[in-house]
Amino acid sequence: MDLTWLLLIQGLYLAFSYDDLSYHKLATQLPNTGSTTGADDAVDRNGITCMKTADIGLTSEYKTVWWKVDLGGVYNIHSINILFKNYDGQENRQRGRFAGFSLYVSSTGDIPGPTLCYKDRLYLPPLNFTTLCTEFGRFIIFYNERLDTATYPTGYEVTNVFTELCEVVVLGCEKPDVYGRQCNLQCPLNCKYNVCHIQYGTCFACDPGWTGTTCTDKCRDGWFGKNCTEPCANNCKENAACNHVTGLCDKGCAAGWIGPLCDRECDDGTFGNDCVHQCSDHCLSDSPCNKQSGQCVGGCELGYTSSDCSQVCPSGYYGLNCKERCSGHCMNDKPCDFVSGYCSNGCHDGYLGIRCNTSCVEGYYGKNCSLRCSPNCKICQNTDGMCACKSGWMGPQCLTECALSYGENCQYQ
């Protein structure tokens, strides 16, 4: 048996020139027998020494069994050969014990494992078993079970099921980034873990930012990352696409956005490229300015104008949108307050009110309208008290009575 098995393995080596990845690698198993037939006996390349576990089955304490080998790194795998122990005259019993097993490939060593490479089902397997397993991983896991609640096909042993693996040979490429019969062809550059299908060179998965069977296609514009499933924030400067690998905006963020992925708006009160500009603080109702342009979309506070509300009203105007005209009657021709329209220094003679837009009431004139017009006036001017006189009176303020004349302005002799 040992010689036949060695010739078969040598034939596989010659036919494919694959590397023996499991030779003398660390192996573990459960349940253990407590004997000297340890898990490492399955990778010593001696077909006579075999590992052996405690039995599983309907009458046994244990219902599941596993054995695994740590290849020491993530490798590209081609095939797995298992030599299960035989006894003279007991081949069918041994095949029944072997039956139903599964082979898994794992990068973490989890039991039973994430990637099923082979599952034995209805027919009893040969004791010298080989299967293709074109996967990649670090751990190869042999798993079998005999559950009380399950019904098994004819020929399966269901009691005293001992697992005895004499050799487990994992063939593949020792270099992680190659494929082909001679392990001499380079895997595509962007394959995840630098491993690809050992026969065809296709990638099992791609590095972030790449897609396609050989991972040569960049993510389409607007997408990035693992499997190209992450959407860009679409806030890159000049409407550029984000980096297909990282999602970063290589040229920086568009105005109004910050953060590594340009996915965070400027804080309230700031705007523009890199959010370094301050809003004018004069947007209506303290609303924030537009974070791209700095404009006050809702308008300006009283007394301010321009798109970003950074300019005060021009002289002579005040109020909302600077539409209100000052009265023109502030003291010393000073402009009114650009916010309120108030005349802070007082009014010209003849005017009253905080905006100096109210004339003196009839009969009064002068500063603060504190002077009474002459009773001889028909109409008194509110600024200086000058007036048109009633008949019989004359002078700027109608304080001089006509002499030797009569009528308005003493025009008649």
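Report the FRET efficiency, 1/(1 + (r/R0)^6), for residue 199 and residue 245, where r is their Cβ-Cβ distance and R0 is 22 Å, rounded to 0.05. FRET efficiency, residue 199 to residue 245: 0.20.
What distance in nm separates the two pseudo spin-label positions at residue 45 and residue 159, each 7 Å out from Cα along the beta-carbon direction? Those two pseudo-labels are separated by 4.2 nm.
Fully extending the segment from residue 267 to residue 311 would add 13.5 nm, taking 0.36 nm per residue of separation and subtracting the current Cα-Cα distance. In summary, the lysines within cross-link reach of residue 378, defined as a Cα separation below 26 angstrom excluding same-chain residues under 8 places away, comprise 367, 390. Backbone amide hydrogens, once placed in the peptide plane, bring residue 54 within less than 5 Å of 32, 33, excluding anything fewer than 5 places away on its chain. Distance between the pseudo-spin-label points of residue 339 and residue 130 (7 Å out from Cα toward the beta carbon): 9.2 nm. Amide H to amide H distances under 5 Å link residue 393 with 402, 409, 410, where only residues 5 or more positions off or on other chains count and H is placed in the peptide plane.
Between segment 137-165 and segment 218-295, the alpha-carbon centres lie 58 Å apart. The alpha-carbon of residue 226 sits under 18 angstrom from the alpha-carbons of these lysines, leaving out residues fewer than 8 places away in its chain: 192, 218. Counting Lys and Arg as +1 and Asp and Glu as -1 over every other residue whose Cβ lies under 9 Å from the Cβ of residue 301, the net charge comes to -2. Take the Cα of residue 403, go 7 Å toward its beta carbon, and the backbone nitrogen atoms of segment 376-394 under 16 Å from that spot belong to 392-394. Estimated at 0.36 nm per residue, the fully extended path between residue 174 and residue 108 surpasses their Cα-Cα distance by 21.9 nm. Partner lysines whose Cα lies under 23 Å from the Cα of residue 25, excluding those fewer than 8 positions away in the same chain, are identified as 52, 68, 85, 175.
What's the percent breakdown of Cα-Cα distances in segment 308-378 across 10 Å bins, shortest bin first? Using 10 Å bins, I get a P(r) of 22, 40, 23, 11, 3, 1 for segment 308-378. In this structure, residue 370 and residue 390 have a Cβ-Cβ separation that, at R0 = 22 Å, corresponds to a calculated FRET efficiency of about 0.40. The alpha carbons of segment 281-413 occupy a box of 83, 23, 20 Å along the principal axes, longest dimension given first.
Summarising the amide proton neighbourhood of residue 76: residues at separation of 5 or more, or on other chains, whose placed amide H is nearer than 5 Å comprise 173.
Over all other residues within a Cβ to Cβ distance under 15 Å of residue 326, the charged ones net out to +1, with Lys and Arg as +1 and Asp and Glu as -1.
Only helical runs count toward this figure. For the chain, summing -39,500 (n - 2.57) over DSSP H runs of n ≥ 4 and dividing by all residues gives -1500 deg cm²/dmol at 222 nm.
Sorted largest first by accessible area at a 1.4 angstrom probe radius, with every protein chain in place, the residues 122, 58 fall in the order 122, 58. Between the helical axis of 2-16 and the longest alpha-carbon principal axis of the chain there is an angle of about 40 degrees. Label reach from residue 64 (point 7 Å along Cα→C-beta): in segment 89-115, amide nitrogens under 11 Å belong to 111-113.
Near residue 132: Cβ cut-off under 15 Å, other residues only, Lys/Arg at +1 and Asp/Glu at -1. The net charge is 0.
Remark: accessible surface ordering of 404, 147, 171 (largest first) is 404, 147, 171, probe radius 1.4 Å.
Shown in residue order for segment 329-335 are the 3J(HN,Hα) couplings computed by the Karplus curve 6.51 cos²θ - 1.76 cosθ + 1.60 at θ = phi - 60°: 10, 6, 3, 6, 6, 5, x Hz (x for Gly and Pro). Here residue 23 and residue 293 are evaluated by their C-beta separation; at R0 = 56 Å the FRET efficiency comes out at 0.25.
The values are calculated or read from the model by the stated rules, or taken from the named source; none is laboratory data. Keep in mind that this is a model prediction, so the values were computed, not measured. We place every Cβ from the backbone using ideal geometry, glycine too, and count neighbours over all the protein chains shown. With ligands, DNA and RNA removed, areas are computed over all heavy atoms of the protein, side chains included. Shrake-Rupley method; radii C 1.70, N 1.55, O 1.52, S 1.80 Å.
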